[in-house]
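Where a number appears in this text, it was derived from the coordinates with a stated rule and is not lab data. Values in this document were obtained by computation on a predicted structure and should not be read as measured data. Here the Cβ positions follow ideal geometry from the backbone for every residue, glycine too, while neighbour counts run over all protein chains shown.
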Amino acid sequence: MLIREYVLKFKNLDVGQITIYESGELSFEYSNDFKLSGFAPLPSFPDFNKKYENESVVNFLLNRIPPKAIKAKPHINFFNSTELMDMGRKVSHSPIEVIAFAQF
């Protein structure tokens with residue numbers, strides 16, 4: 001069962017959606033608008049037509065979290081999808097923003 005969705009945005013364009021399921025599993029899929037935009041796919045998700053799950057999404061989020069932020073929050077549970085999403089939402093070194101969209 002779906003519990004939360006996040007939209008990845010670049011300026012005003014929806015890049016794709018990360019979904020967290022009740023089981024803690026994660027998935028990412030590109031939006032149709034981004035597929036048609038002419039932009040190249042994100043390096044972490046090179047195939048526009050693939051649904052990425054778990055490890056690929058976790059690696060994407062971990063790469064967004066600066067080491068200083070990890071040291072500042074040593075209690076973070078990297079196996080908890082929601083905590084990981086919250087840490088990887090808006091970072092200064094990436095133009096992509098992760099926005100909470102819906103919670104069920």
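Remark: spin-label model distance residue 53-residue 12 equals 3.6 nm, labels positioned 7 Å along the Cα→Cβ axis.
Across segment 7-21, computed HN-Hα scalar couplings (Karplus, 6.51 cos²θ - 1.76 cosθ + 1.60, θ = phi - 60°) run 9, 8, 10, 10, 6, 9, 9, 6, 7, x, 9, 9, 10, 10, 9 Hz from first to last residue, x flagging Gly and Pro.
Coupling constants for segment 47-63 follow from the phi torsions by the Karplus curve (6.51 cos²θ - 1.76 cosθ + 1.60, θ = phi - 60°), and in residue order they are 10, 4, 9, 9, 9, 8, 10, 6, 4, 4, 6, 4, 4, 4, 5, 4, 5 Hz; glycine and proline get x.
Would you grab the residues whose amide H sits under 5 Å from the one on residue 31? Only those 5+ places off in sequence or on another chain, please, with H modelled 1.01 Å from N. For residue 31, whose amide H was placed from the backbone, the distant partners under 5 Å are 16, 17.
Residue ranges 22-34, 44-56 sort as 22-34, 44-56 when ordered by packing (mean number of other C-beta atoms within 10 Å per residue, highest first).
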